[in-house]
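Take a look at the structure below.
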Amino acid sequence: MSVNSKPKFAMYWAAGCGGCEIAVLNIHEKILDVDANFEVVFWPVAMDAKYKDVEAMPDGAITLTLFNGGIRNSENEELAHLLRRKSQILVAFGSCACEGCIPGLANLSTRESIFEAAYNSISTDNPDQIRPQPTWKAPEGTLQIPEFHPILKTLDQVVPVDYYMPGCPPESHQIAAVLDLVIQALHGKETLPPPGSMIGVGSSTVCDECPRARNLKSIKQFTRIQDVSSIDPNLCLLEQGIPCNGPATCSGCGALCPKAGAQCIGCYGPAQGVLDYGARLISAFASVIDGNEPAEIERVLDTLPDPVGQVYRFNLAGSLLRASKPALVEDEEERHAAHQH
């Protein structure tokens, strides 16, 4: 098979930390299978690649694109549309693309308050009060600079997505297994799952992968793990008053955090069939409280140290809430103005 006849592979990094890129490289010798079976045509973090090269490709020319990061600015959105047109298979790769992840927590704030914190806080040296601008007139001409959107969106809120592979980042063994599946499917030896499927995950929750015993329902309050004087190494962390997100989180990671004595924080996203992660998690937390009266259950739930960060840390942008009302209003006004033009 000549190089030019190989299926084409692309990967793009939008609004995220870059951990997904590292996770792909962390599949070790399996990365050689990518090189052996694909022609890598676009991967800015690993090769010199130009947007114009992708634009020049026929639509559908790229066999597989792993798109990581959320959609936070105009450049992210432009590349999402471009790679959707050029790709046969577009995968929302990692928690940011699937759910919004940590960058999505900024949806609680307006664009102006984010800029104020970034460019005019006590830790910022910005005496000229410079703020981001979408254009800049330079001697060589006008530069176009990505415009910061009012809210961060998940990939599927912008373009249709074929598959979802959650995780912050996805576990390397899961990435290797998915790449194996795609390669085998390209050779006619396997069948890809139905479009819209979650891939590289389990079919249950982190709790089902966790070896810790679950038997007590006697929580009087929730506590940060660093404030617990002694942790039982064998008992469910949630039943020790430590808010653990295992009951609502998709399996597939091997329950690595609870096995190591740390609570699950939900980076693999909602378990399959969960409509809203936060609602399911609050219900799970309420189920271990020692009390039957609504007022008592509410009192104990109020001891959660950081409710939003606890239940929507990784998926606020992809939840039913999505963002604060001021941020949503700003986004709606901007989209309406764009439509008018």
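All of the numbers you see were taken from the coordinates with simple rules; none came from a lab. The structure presented is a predicted model; accordingly, all values stated were derived computationally and were not measured. Note that we place each Cβ from the backbone using ideal geometry, even for glycine, and neighbour counts take in every protein chain shown.
Which FRET efficiency, nearest 0.05, do Q272 and I145 yield, Cβ-Cβ r, R0 35 Å?
Computed FRET efficiency for Q272 and I145: 0.30.
Could you tell me the relative contact order of the chain? Use alpha-carbon pairs under 8 Å, at least six residues apart, and round to a whole percent.
This gives 18 percent for the chain.
Please find the FRET efficiency linking H336 to E112, where r is the Cβ-Cβ separation and R0 is fixed at 22 Å, and quote it to the nearest 0.05.
Computed FRET efficiency for H336 and E112 comes out at 0.75.
Farthest toward the dipole's positive end in the chain, which of P194, G70, T135, given Cβ charges of +1 (Lys, Arg) and -1 (Asp, Glu) about the Cα centre?
P194
Tilt of helix 172-186 relative to the longest C-alpha principal axis of the chain, in degrees (0 to 90, nearest 10)?
Helix 172-186 and the main axis of the chain meet at about 50 degrees.
For the pair E296/K30, report the inter-label distance in nm, with labels modelled 7 Å from Cα in the Cβ direction.
4.8
Relative contact order (percent) for segment 1-150, with alpha-carbon contacts under 8 angstrom and 6 or more residues of separation?
Dividing the mean separation by the residue count of segment 1-150 yields 23 percent.
Within 10 Å of each candidate Cβ there may be at most 10 other Cβ atoms; applying that plus a DSSP loop requirement, which trypsin sites (Lys or Arg not before Pro) in segment 195-251 survive?
Passing both the DSSP loop test and the Cβ count: no residue.
From the square roots a ≥ b ≥ c of the eigenvalues of the alpha-carbon gyration tensor of the chain, which class results: rounded (a/c under 1.5), prolate (a/b over b/c), or oblate?
Verdict is oblate for the chain.
Output the 0 to 90 degree angle, nearest 10, between the alpha-carbon long axis of helix 325-340 and the longest principal axis computed from the alpha carbons of the chain.
Between the helix axis and the principal axis of the chain, the angle is about 20 degrees.
Between C244, Y277, S230, whose Cα lies farthest towards the positive end of the dipole of segment 196-286 when Lys and Arg beta carbons carry +1 and Asp and Glu beta carbons carry -1, centred on the Cα centre?
S230
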